[in-house]
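Computed from the coordinates by the stated procedures, all read-outs in this text should not be read as laboratory data. These figures come from a predicted structure and were not determined experimentally. Neighbour counts are summed over all protein chains in view; Cβ atoms, including those assigned to glycine, are modelled from backbone coordinates with ideal geometry.
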């Protein structure tokens, strides 16, 4: 197969000044790829049409198809619009990227080689290392080697904060991908899409931001699609919101640094995900661990973050939509295929 014949759409989202500062590094890194057969889409969630993102792109990369939304659509809805356009154009793959990143020159080439090796691969996650943006320096610290989870249904970026593993060169099966950078097979997305009339939801739009990658990874896995890590495809990420800690105490301390809005989105979306999968035949150990963690979480917010209780009102309001999604879940595998990825 000639990889240059494969058509890819690449998409990213702009958020005003927060992302504009990265574009002079992100876009040249993307345009200087050894793989050339791709087109770039962008959704601008900035509040004003004329903003730093739009001006830089128009002046330096006018070939980019940039759409201003007039509002912040959130992560999932913005990407859904771009992925639907890619699917309508007959593309094979969609590469979803955060703009706070830079890439090795063969980044896309290595992702394509990995996903083209097996038609049952629905998503490929690159090796993502940390990028020290302030020092303009690539590091050898791991940002993400994909998503993993434990029996409590807490999700983690694998090996985040640890040193790079240069001997890790072969593809590896993983539970899920981080939304910061992932190559998605559009056929797989069409297989698990939620359709509402002419509108297609690949990412669940009940989730405005955060954990939509956990949710989509779960749905791909349940439908029988493989997700792999391609460590020869290397990206560098200046992550601004990172999870830290594994114990309950460490997690509680880490929460102090998170904004109230991030906590609200993350809390609500965790419950949306759990309600969608609640009827799946998990083992007793997983059911018990998940229920116990939910109980501990409730006790914690009652003591320290009572403002999150109002998220249950939102949850009640959208329960009919969650139920529709639960009923449309495609489950083609035994649940042990999910549980094998769970840490204790």
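Relative to the longest principal axis of the chain, what angle (0 to 90°, nearest 10) does the C-alpha long axis of helix 284-304 take? The two axes meet at around 90 degrees.
Working from Cα pairs under 8 Å separated by at least six residues, relative contact order for region 248-343 is 42 percent. Just so you know, the averaged projected area of the alpha carbon convex hull for region 3-237 sits at 12.5 nm². Per-residue ellipticity at 222 nm from helix content only, as computed over the chain with -39500 (n - 2.57) for each DSSP H run of at least four residues, stands at -11000 deg cm²/dmol. Sorted fewest first by neighbouring Cβ atoms within 10 angstrom, 199, 237, 153 come out as 199, 153, 237. Antiparallel beta bridges, as assigned by DSSP with both residues in the chain, represent about 50 percent of the total such bridges.
Cβ crowding within 10 Å ranks 274, 222 as 274, 222, fewest other Cβ atoms first. In terms of its C-alpha gyration tensor, region 1-139 has an oblate overall shape, because the principal axis ratio a/c (a ≥ b ≥ c, square roots of the eigenvalues) is not below 1.5 and a/b does not outweigh b/c.
Where does each of 182, 331 land when they are ranked from fewest to most other beta-carbon atoms within 10 angstrom?
Numbers: 182 23, 331 16.
In order of increasing Cβ crowding within 10 Å: 331, 182.
Extending each Cα 7 Å along its Cβ direction at residue 321 and residue 295, get the distance between those two points in nm, one decimal. The two pseudo-label positions are separated by 3.2 nm. Structural descriptor for region 3-237: relative contact order 25 percent, calculated from alpha carbon pairs under 8 angstrom and at least 6 residues apart.
Between the Cα long axis of helix 319-328 and the first principal axis of the chain there is an angle of about 70°, rounded to the nearest 10.
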